[in-house]
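Note sheet for the following structure.
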Ligand code: GLP
């Protein structure tokens with residue numbers, strides 16, 4: 001779906017999420033959301049905060065699982081995704097803190113594998129993710145599933161691509177301070193969600209959007225796997241859609 005600009009697109013995605021939350025509330029069920037970081041979902045989170053404040057949309061039945069976190073990463077560090085989510089969304093809505101899950105960047109290496117299995121098990125115990133928000137990296141990564149990730153990949157510790165580290169290096173004041181690894185939800189769990197919305201803005205994303213939407217399905221471009229998902233929408237502004 002192509003919108004005139006990212007603000008209008010973000011409002012539309014926020015409306016879909018609010019409608020889903022309300023539907024689940026009416027059914028007395030939790031609403032399980034998969035959330036992403038990066039600049040692309042910021043407008044969506046601002047709009048969800050507005051819907052909470054101005055229209056009284058409640059998040060008291062919402063349980064969230066974030067896609068990824070740098071490793072190693074302290075939760076209170078300026079660049080942690082925990083902090084990002086608190087500052088963009090969680091601090092301003094009525095979600096219960098214990099319902100907000102972001103992969104833990106503070107574990108010792110030996111514990112990561114068990115932790116990742118438990119992260120997936122928690123999602124499964126809740127019946128899976130109802131709606132997953134995704135951004136897209138310049139190389140087609142989703143979460144931190146970099147180029148080369150397999151379609152059945154699990155939640156795991158990954159090495160970040162050079163291109164991803166360069167993109168993040170501004171936040172870390174230089175490449176040498178930028179993490180080399182991260183924990184990410186695997187492609188398999190992303191493919192299992194009931195509904196996927198990938199958001200991308202600006203002409204800078206247009207080539208990778210074209211490759212993801214119209215190119216062959218390949219693990220070189222993990223976002224192309226979404227062509228095989230039966231309920232996935234790419235929400236784009238005109239710039240991101242300009243090569244389609
Ligand atoms: C990071 C995140 C991804 C995100 C990507 C794109 O790599 N781990 O989940 O999709 O950045 O970020 P942006 O939305 O800022 O372009």
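Quick one: which helices (runs of 4 or more DSSP H) sit completely within segment 142-244 and have at least 3 residues that are at pLDDT 95 or above and within 28 Å of residue 115 (Cα to Cα)?
Ranges flagged: 162-168, 187-192.
Name the residue, out of 143, 135, 105, 127, that is within 16 Å of the ligand (Cβ to nearest atom) and more than 25 Å from residue 221 (Cα to Cα).
105
Among the residues of segment 56-77, write down those that are out of contact with any helix residue (DSSP H, G or I) (no Cβ under 6 Å at 6 or more places or on another chain), more than 20 Å from residue 131 (Cβ to Cβ) and either away from the ligand (no atom under 16 Å from the Cβ) or touching a residue at least 40 places away in the same chain (Cβ under 8 Å) (or both).
Result: 56, 70, 71, 72, 73, 74, 76.
Given the conditions (1) crowded, with 17+ Cβ neighbours inside 10 Å; (2) within 15 Å of the ligand (Cβ to nearest atom), which single one is not true for residue 39?
(1)
Return the pair list, or none, for Cβ contacts closer than 8 Å from residues in segment 165-177 that are more than 17 Å from residue 69 (Cα to Cα) to residues that are modelled with pLDDT of 95 or more and assigned to a helix (DSSP H, G or I), at least 6 apart or on different chains.
Taking only residues 6 or more apart or on different chains, the pairs are 175/165; 175/166.
The values are calculated or read from the model by the stated rules, or taken from the named source; none is laboratory data. Everything numeric here is computed off the predicted structure, so don't read it as measured data. Positions of Cβ are backbone-derived with ideal geometry, glycine not excepted, and every protein chain shown enters the neighbour counts.
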